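Peer 1: Mind looking over this structure? Questions follow.
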There are 2 protein chains.
Amino acid sequence: MVSTAILHPAISAPPIETGLTSLFEQLGVVTAFRPEEEVCAQDEANDVVYLVLSGAVRSARLLSDGRRQISGFYYAGDVLGLATSLFHQPAVEALVDTRTIAVRRSALPHFGLPGERLERLLWRATSEELARVHDHMMLLARKSAVERVAGFLEDIAQRAGGDWVFLPMPRQDIADYLGLSIETVSRMLTQLQGQRLVAFDGCRRFRICASARLARLLAA
Amino acid sequence: MVSTAILHPAISAPPIETGLTSLFEQLGVVTAFRPEEEVCAQDEANDVVYLVLSGAVRSARLLSDGRRQISGFYYAGDVLGLATSLFHQPAVEALVDTRTIAVRRSALPHFGLPGERLERLLWRATSEELARVHDHMMLLARKSAVERVAGFLEDIAQRAGGDWVFLPMPRQDIADYLGLSIETVSRMLTQLQGQRLVAFDGCRRFRICASARLARLLAA
DNA sequence: CGAAGTATTGACCATTATCAAGCGTCGTGG
DNA sequence: CCACGACGCTTGATAATGGTCAATACTTCG
């Protein structure tokens, strides 16, 4: 899939200012996934990183007794597969119809300048994800159920950017992301609606009504 | 490892196999800290990474109302400062007498081959820390108090490697790392001692007595 | 329209936090 | 060397938060 670039190092000649997406487009392979499909083959894990072009993806770890923890949701523009571990490979699955571009880390040094640029950008992306995950640890360890759910809605609304926001994941995934039971998530959503902080249209579409009061609740 | 030779032919001559520590030693600056001293100046944050030579360090985030989350403890051989965030700089403090080597990320591209090697090793270290942090999120979100405390002792004993292990941090730090109250940590320690899984000699020195039974409790 | 899968609500219970004493341990000074 | 004091740790009683189990209500799709 990548061998053409190795055979034609000429493409490394023009040192254009390039962002993540265009570098991925130069060096990677596009794939499409249906909902519930496995994005990441086990044997590729630890070497392949993915840029999400469209759709949404979840990354989860399972304990032998069934307890599950979702380590993150990834949307268009996010990079996936930055964590590497010899044990505990996460299960990475598409939530909705999704397209990704994949590149192998180990191939990057052979791509000349664009490969180097991408390596640096990916290191930076990894460092930034680490910081985000630290925030999430604070949420899991020290925040109440309402704060967690409110924070989650805030986050996702921020990223989506529109007025009404679509939730691509079921309640169980939200619960497993926030370290709560599905019932508690549901109750907190009802509570937030009762306080007119958010409004739902069905159980997958919502809107933030009072972002100032919501922010006050989040006590960062 | 191939393309670097192309990009820097002048320095490509001695292809020595170099590890993290020796690269840090080539490129970094050693500093010593007393207990409770701030390791990381705020204005350097996000650019400087540290290798811990000896001692122990904690990295903590604070919420405005006083809630604290310790994102990690770092011992000799660990790399510190891999997470970058424009908001939420963590407070990084020495737990005991500590020596570190610091290097600036932004300086690495100017160091030729050793700089490149170090960049790649640091990216790898960042990816591995991300995986460890995912494990910790699972612990915070889904494990019971006993499991957390037992897992913590197991972890630290693993790293220390000896028979008797010294805890460089007070109970409050353990609590803030595990997302528990100090009282619960204390109770769980008493419980584990009652089951003869661990033994304490004072409150800072312990030993794992029944690692098999302890592992069974950890239900990974 | 009906059935299956999701989501919500309610009643009750378990776990952990909080508040308040009491106990050790270590360092200091008599 | 021992007594005292300060700090950190442990223990106990009680309360709050969130989990579990069970029933009901949506929604989505055939």
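Peer 1: Do we find that B:Glu154 is farther than 25 Å from B:Val57 by Cβ and acidic (Asp, Glu) in this structure? It would help to see each step written out before you state the result.
Peer 2: Values: farther than 25 Å from B:Val57 by Cβ: no; acidic (Asp, Glu): yes.
Here the answer is no, as B:Glu154 does not meet what is asked.
Peer 1: Could I ask something else about it? Surrounded by fewer than 16 Cβ atoms within 10 Å (Cβ to Cβ), at pLDDT 95 or above and closer than 26 Å to A:Gln158 by Cα - does that describe any residue in the stretch A:54-69?
Peer 2: The answer is yes; a qualifying residue exists.
Conditions (1) surrounded by fewer than 17 Cβ atoms within 10 Å (Cβ to Cβ); (2) of a type outside the set (A, V, I, L, M); (3) touching an Asp or Glu at 6+ places or on another chain (Cβ under 8 Å); (4) at the interface with chain A (Cβ under 8 Å from one of its Cβ atoms), marked per residue:
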position: B:Arg104; (1), (2), (3), (4): yes, yes, yes, no
position: B:Leu108; (1), (2), (3), (4): no, no, yes, no
position: B:Arg117; (1), (2), (3), (4): no, yes, no, no
position: B:Leu122; (1), (2), (3), (4): no, no, no, yes
position: B:Ser127; (1), (2), (3), (4): no, yes, no, yes
position: B:Leu139; (1), (2), (3), (4): no, no, yes, no
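Peer 1: Does B:Leu118 count as in contact (Cβ under 8 Å) with a residue 60 or more places away in the chain and assigned by TED's automatic domain parsing to the domain that holds B:Gly72?
Peer 2: Values: in contact (Cβ under 8 Å) with a residue 60 or more places away in the chain: yes; assigned by TED's automatic domain parsing to the domain that holds B:Gly72: yes.
Against the criterion (in contact (Cβ under 8 Å) with a residue 60 or more places away in the chain and assigned by TED's automatic domain parsing to the domain that holds B:Gly72), B:Leu118 qualifies.
Peer 1: Quick check on my filter: what residues within the stretch A:174-212 are away from DNA strand C (no atom under 11 Å from the Cβ), free of Cβ contacts under 8 Å to residues at least 40 places away in the same chain, surrounded by 14 or more Cβ atoms within 10 Å (Cβ to Cβ) and assigned to a helix (DSSP H, G or I)?
Peer 2: A:Leu178
Peer 1: Also: Within the stretch A:161-173, how many residues turn out to be free of Cβ contacts under 8 Å to residues at least 24 places away in the same chain and either surrounded by 13 or more Cβ atoms within 10 Å (Cβ to Cβ) or within 16 Å of DNA strand D (Cβ to nearest atom) (or both)?
Peer 2: 2
Peer 1: Can you tell me which of (1) more than 9 Å from DNA strand D (Cβ to nearest atom); (2) in contact with a helix residue (DSSP H, G or I) (Cβ under 9 Å, 6 or more places away or on another chain); (3) farther than 17 Å from A:Ala60 by Cβ is the one A:Lys143 doesn't meet?
Peer 2: (1)
Peer 1: Quick check, is B:Ser71 within 30 Å of A:Leu180 (Cα to Cα) and assigned to a loop (DSSP other than H, G, I, E, B)?
Peer 2: Values: within 30 Å of A:Leu180 (Cα to Cα): yes; assigned to a loop (DSSP other than H, G, I, E, B): no.
No, not satisfied.
Peer 1: With respect to the numbered conditions (1) touching a residue at least 60 places away in the same chain (Cβ under 8 Å); (2) buried (at least 21 other Cβ atoms within 10 Å of the Cβ); (3) among the hydrophobic types (A, V, I, L, M, F, W, C), which one is the sole condition not fulfilled by A:Val146?
Peer 2: Here A:Val146 meets the rest and fails (2).
Peer 1: Right, something else. Take the residues in the stretch B:128-170 that are closer than 21 Å to B:Val79 by Cβ and small (Gly, Ala, Ser); name whichever of them is farthest from the chain's Cα centre (by Cα).
Peer 2: Of the stretch B:128-170, the ones closer than 21 Å to B:Val79 by Cβ are B:128-137, B:152, B:155-156, B:158-161, B:168-169.
With small (Gly, Ala, Ser) added as a condition, the list becomes B:131, B:160-161.
Details: B:Ala131: 13, B:Ala160: 13, B:Gly161: 16 Å.
Only one residue tops the list, namely B:Gly161.
Peer 1: Next question, about the same structure. What residue, of A:Ala60, A:Ala45, A:Ala83, is within 15 Å of the chain's Cα centre (by Cα), part of a loop (DSSP other than H, G, I, E, B) and under 19 Å from B:Arg132 (Cβ atoms)?
Peer 2: It is A:Ala83.
The values are calculated or read from the model by the stated rules, or taken from the named source; none is laboratory data. Just so it is clear, the model here is predicted, and its values are computed rather than measured. All Cβ positions, glycine included, derive from the backbone under ideal geometry; neighbour counts span all protein chains shown.
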